[in-house]
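Have a look at the structure that comes next, please.
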Amino acid sequence: MAASGFAALGYQIVWTRQATVWLGHEAAAVLAVVAAFFGGLAVGSWTLGSRIDRSPNPSRWYAACEATIGAWSLALAFLMVPVTGWLLELIGAQPSPSRQWSVAFFGTFVLLLPATAAMGATLPAMERALDGMRREGSSIAALYAGNTAGAVGGVLVAAFWWVPQFGLARTAAACAALNLACAVAALKLFVGSAVAEPSPARPGASGVLFMLAATGLLGIGYEVLVVRVLSQVAENTVYTFAMLLAVYLVGTAAGAAAYARWPSRLRDQLLSMLAAACLLGCLSLFAAEKLKATVLDVLGPSMAAALAGEAAIAVAAFLLPTFIMGAVFSHLSTSARAAGIGFGRALGVNTLGAAIAPFLFGLLLLPALGPKLALMLVAAGYLALSSRRVWSIAILPFAVFAPPLAFVDIPEGGRIVSYKEGAMAAVSVVEDSGGVARLRIDNRQQEGSSATRLADSRQALLPLLLHPSPRRALFLGLGTGVTASAAAEDAALQVDAVELLPEVIEASAYFRRGAPNSRLHLMAADARRFVRATRERYDVIVSDNFHPARSGSGSLYTLEHFRAVRERLASGGLFCQWLPLHQLDLETLRSIVRTFVAAYPGAFAMLATNSLETPVIGLVARNDAERFDVGRVRKRAEFGIEDELALLGSFVAGPRALARFAGNAPLNTDDRPVVAYAAPRITYVPDSLPRDRLIALLREVEIGPEELVLADAAWRSRLAAHWSARNAFLLAGRDVRPTGDVRQMLSQVREPLLAVLRISPDFRPAYDPLLRMADALARTDPVAARALLTELRRVQPSRPEAAQALRALAGGSP
């Protein structure tokens, strides 16, 4: 049973990741997978449980169920792609909510049903097979504990070892081997064992079944709500959710195992004790941030310490409640047997309640009431089932006076502009004392700010201006909406923007300037699913710099997704994938680059800005693999970039350099999602500064003008000088320490920036700061200002600004 539980949770991790490839990561997808899994267990327990109860050979049923699980999981390796492709077409690019929910739930349910139904029947079959070998009443708790303990191992081994190392298909195959081994072992172990006849149902059976269904509903409801609250404290990586699930299962297994030793006088008080444990778990959530920080302070900076911190907050919220949940299930299952109810039927109604919980608590109650009041309903529900209902009044002070379970970091002097609790995440807009607003998801992930408007706009303009005449553009990811809005300023361009969270679309209105633009069409949808489902063609597709460590984001960097994007490009179309180098280590970047180059062999790399603190790299490719015509780029550059030299001067690597940089790094594919498992390392424990990673990258890559452009030799020489100046500029800025004193700043940057201008007089990022510092210095030290302006005029005689400033200074009007 431990091996069977191990395989079951291994499958859950594999199937959840595989399902999101076609379902996406919308609320419909996330909840449909969980509900379909529990729904299948309920169907199997309920429909097969009665037949198993009547069978004289339940061990054969058990062996058949294990064999079915293994065989169907192997069959899914061949069926998953064609079936899910058909289901994806059935959903469509922009389905109605009812259509999406119906196809997502029933499609997943039917696809997994042969295996999940068989899973639901294994525990009842094993319980019946042991009936003649064990004392009545002792087997249920032990089997449930062993099965759940095995599930803990399945979660941890699959998430931390098998999937990262071997991929999803091989992990599923290993789980299938365990199922087949269990089938063979059962046939050998239980040959000739006697099985007692099941007892007929007795009065009180319906009440026990109701209790089993209600506790299944409340138990998974508690899990859904606590995970959502902790997502505002934890890092929300694939390891985070594996850790939370493992702790939940550990508590359940321990409670089931300890039930036999539970004092009989306390068994009737289990439900009221569970209500109290849930309240204590809720209280621990208010201290989750401090508890996590304390663990990190004690253990020091390391990935193990970070995971220990997440485990600590999970233990505080889950361990005691789930310990009692395990005992409650064992107690009710034993009571069901005493009432003549077969274990299959008991397990079936319990998992049916669990299947309903994600929809009820995750989709309806959490957005409507908030997590605190929804958790209070869970505790009140347990009290309502117990004999201590009068104690429910103790919940009222907590519900009324405790603050909301919303974690929002507010800077000193700042304020919360908006906060919305959605079905999948909490989205907030926070403004600091200087009026700078930031958009955050679950308090952990910043999606942009009003201070980065220029940089965000460039992420639209750079790729758009590289296309000679775009008419339709698609933006994957919205954030503050500045990037897509900047694109929509082009009167000849229609812009579609796809954003996963409806709450982000709503919050982006705060960052919008002026009235909504009719050329900008915002859609709430999963970017990956939309790309595969739509039949539209786009001249330019721009993908946001998704945080690669956040759960689900890694699927937007896979080979299959990059190829799907290529299918959506019109003739001569261009795709730009932005990457947050400040959130990426170079080894993970190599995997993404190799994956991108596998889909687009003629790809280039460019910088969004010259920022050293938040460097953003763009991988750019045309589907015709043609070079850029300087004349056409010059005409397009008039729409928002200084000139064609500044636009093409953003490039840092050509196709040959990208191929060398990527080397033999592992491809990031749907089957082997290496980015999702590698990227969290730098999130938990940064091993270097973003500026150091950027400099290291620039030292490994190069680009030649002949790779990029069609132009004469003189212009290509200017472009090469611009690139050299850019690299020198970034290298010079690495050790600069910002200061408000213009003299101190000038002492750091004067000579390095002048040296950059001697490499390329066209390099404005070095010229403009010196001009501003000369203007500020003129108020206190005209002589020093005049010397700086004279030097600027000498190194860049074609620009009039320095000469004009010198004339103003000579006239006594700085």
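The values are calculated or read from the model by the stated rules, or taken from the named source; none is laboratory data. If you're wondering where the values come from, they're calculated on a predicted model, not measured in any experiment. For neighbour counting, all protein chains shown are included, and Cβ atoms are generated from backbone atoms with ideal geometry for every residue, glycine included. Note: areas computed on protein heavy atoms with side chains; ligands, DNA, RNA excluded. Shrake-Rupley method; radii C 1.70, N 1.55, O 1.52, S 1.80 Å.
Just checking, how many residues over region 689-701 are in a loop (DSSP other than H, G, I, E, B) and open to solvent by less than 10 Å² (accessible area, probe 1.4 Å)?
Kept after step one, since they are in a loop (DSSP other than H, G, I, E, B), are these residues of region 689-701: 689, 701.
With open to solvent by less than 10 Å² (accessible area, probe 1.4 Å) added as a condition, the list becomes none.
Qualifying residue count, region 689-701: 0.
How do the helices (runs of 4 or more DSSP H) wholly within region 417-527 filter down when requiring 2 or more residues that are free of Cβ contacts under 8 Å to residues at least 40 places away in the same chain and of a type in the set (Gly, Ala, Ser): which remain? Before the answer, list the steps.
Details: elements: 453-466, 482-488, 502-508.
Result: 482-488.
Pick from region 441-493 the residues that are among the basic types (Lys, Arg) and within 21 Å of Tyr538 (Cα to Cα): which of them is surrounded by the most Cβ atoms within 10 Å (Cβ to Cβ)?
Arg458
Please work out which residue is nearest to Ala181 (Cα to Cα), limiting yourself to region 59-72 and to residues that are under 32 Å from the mean Cα position of the chain (by Cα) and surrounded by fewer than 23 Cβ atoms within 10 Å (Cβ to Cβ).
Restricting attention to region 59-72, the residues satisfying the condition of being under 32 Å from the mean Cα position of the chain (by Cα) are 69-72.
Checking the rest, the ones that are also surrounded by fewer than 23 Cβ atoms within 10 Å (Cβ to Cβ) come to 71-72.
Numbers: Ala71: 12, Trp72: 15 Å.
Taking the candidates together, the pick is Ala71.
When region 80-108 is examined, which residues are found to be among the hydrophobic types (A, V, I, L, M, F, W, C) and out of contact with any helix residue (DSSP H, G or I) (no Cβ under 7 Å at 6 or more places or on another chain)?
Step one: of region 80-108, the residues among the hydrophobic types (A, V, I, L, M, F, W, C) are 80-81, 83, 86-88, 90-91, 93, 101, 103-106.
Correct list: Val81, Trp86, Phe106.
Related question: Which members of region 246-268 meet the condition of being under 14 Å from Ser330 (Cβ atoms) and either among the polar types (S, T, N, Q) or crowded, with 20+ Cβ neighbours inside 10 Å (or both)?
Matches in region 246-268: Gly251, Thr252, Ala253, Gly255, Ala256, Ala257, Tyr259, Ser264.
Something else now. When you scan region 232-323 for helices (runs of 4 or more DSSP H) that lie fully inside it, which ones turn up with 3 or more residues that are within 22 Å of the chain's Cα centre (by Cα)?
238-258, 288-299
Looking at (1) in contact with a helix residue (DSSP H, G or I) (Cβ under 9 Å, 6 or more places away or on another chain); (2) within 20 Å of His722 (Cα to Cα); (3) open to solvent by 40 Å² or more (accessible area, probe 1.4 Å), which is the one condition that is false for Ser798?
(1)
Here is a check on your reading of the model: is Val540 in a strand (DSSP E or B), in contact with a Gly (Cβ under 7 Å, 6 or more places away or on another chain) and modelled with pLDDT of 90 or more? Give the derivation first.
Numbers: in a strand (DSSP E or B): yes; in contact with a Gly (Cβ under 7 Å, 6 or more places away or on another chain): yes; modelled with pLDDT of 90 or more: yes.
So Val540 passes the test.
Further question on the same structure: Give the residues of region 637-665 that are among the basic types (Lys, Arg) and crowded, with 20+ Cβ neighbours inside 10 Å, sorted by residue number.
Of the residues in region 637-665, the ones among the basic types (Lys, Arg) are 656, 660.
If the condition is that a residue be among the basic types (Lys, Arg) and crowded, with 20+ Cβ neighbours inside 10 Å, then no residue fits.
Among the residues of region 702-715, what is the count of those that are more than 42 Å from the chain's Cα centre (by Cα), open to solvent by 40 Å² or more (accessible area, probe 1.4 Å) and farther than 16 Å from Pro761 by Cβ? Write out each step before concluding.
So in region 702-715, the residues more than 42 Å from the chain's Cα centre (by Cα) come out as 711-715.
This time we only want the ones that are open to solvent by 40 Å² or more (accessible area, probe 1.4 Å), so: 712-714.
Filter once more, keeping what is farther than 16 Å from Pro761 by Cβ: 712-713.
Total meeting the criteria: 2.
Report, by residue number, each residue of region 528-560 that is among the aliphatic types (A, V, I, L, M) and open to solvent by 10 Å² or more (accessible area, probe 1.4 Å). So that I can check it myself, show each step before the final result.
Taking region 528-560 as the starting set, the residues that turn out to be among the aliphatic types (A, V, I, L, M) are 531, 533, 540-542, 549, 556, 559.
Across region 528-560, the qualifying residues are Ala533, Leu556, Leu559.
Taking interchain pairs and intrachain pairs at least six residues apart, which have beta carbon atoms under 9 angstrom, with the first residue in region 51-73 and free of Cβ contacts under 8 Å to residues at least 24 places away in the same chain and the second open to solvent by less than 40 Å² (accessible area, probe 1.4 Å)?
Arg51/Ala121; Arg51/Gly344
Could you tell me which numbered condition Pro56 fails, if it satisfies all but one of (1) surrounded by fewer than 24 Cβ atoms within 10 Å (Cβ to Cβ); (2) part of a helix (DSSP H, G or I); (3) not acidic (Asp, Glu)?
The failed condition is (2).
Looking at Ala77, is it part of a helix (DSSP H, G or I) and either open to solvent by 50 Å² or more (accessible area, probe 1.4 Å) or of a type in the set (Lys, Arg) (or both)? Steps first, answer last, please.
On the way: part of a helix (DSSP H, G or I): yes; either open to solvent by 50 Å² or more (accessible area, probe 1.4 Å) or of a type in the set (Lys, Arg) (or both): yes.
Against the criterion (part of a helix (DSSP H, G or I) and either open to solvent by 50 Å² or more (accessible area, probe 1.4 Å) or of a type in the set (Lys, Arg) (or both)), Ala77 qualifies.
Of the residues that make up region 586-600, is at least one surrounded by fewer than 23 Cβ atoms within 10 Å (Cβ to Cβ), within 21 Å of the chain's Cα centre (by Cα) and part of a strand (DSSP E or B)?
The answer is no; no qualifying residue exists.
I'd like to check something: does region 390-403 contain any residue that is in a strand (DSSP E or B) and modelled with pLDDT under 90?
Our first condition is that a residue be in a strand (DSSP E or B); within region 390-403, this holds for none.
Within region 390-403 (the criterion being in a strand (DSSP E or B) and modelled with pLDDT under 90), the answer is no, since none of the residues qualifies.
Can I ask one more? Identify the single condition in (1) touching a His at 6+ places or on another chain (Cβ under 9 Å); (2) modelled with pLDDT of 90 or more that Thr683 does not satisfy, given that it satisfies every other one.
(2)
Tell me the residue from Gly348, Gly362, Gly340 that is outside any helix (DSSP H, G or I) and among the small types (Gly, Ala, Ser), please. Lay out the reasoning, then the answer.
On the way: Gly348 fails: outside any helix (DSSP H, G or I); Gly362 fails: outside any helix (DSSP H, G or I).
Only one candidate qualifies: Gly340.
Condition first: in contact with a strand residue (DSSP E or B) (Cβ under 6 Å, 6 or more places away or on another chain) and open to solvent by less than 40 Å² (accessible area, probe 1.4 Å). Now tell me which residues in region 505-527 satisfy that.
Ile505, Ala507, Leu520, Met523, Ala525, Ala527
Scan region 564-577 and tell me whether some residue there is surrounded by 20 or more Cβ atoms within 10 Å (Cβ to Cβ) and in a helix (DSSP H, G or I).
Our first condition is that a residue be surrounded by 20 or more Cβ atoms within 10 Å (Cβ to Cβ); within region 564-577, this holds for 565, 569, 573-577.
Filter once more, keeping what is in a helix (DSSP H, G or I): 565.
Checked region 564-577: at least one residue is surrounded by 20 or more Cβ atoms within 10 Å (Cβ to Cβ) and in a helix (DSSP H, G or I).
Taking Trp46, is it surrounded by fewer than 23 Cβ atoms within 10 Å (Cβ to Cβ) and of a type in the set (Phe, Trp, Tyr)?
Working: surrounded by fewer than 23 Cβ atoms within 10 Å (Cβ to Cβ): yes; of a type in the set (Phe, Trp, Tyr): yes.
So Trp46 fits the description; yes.
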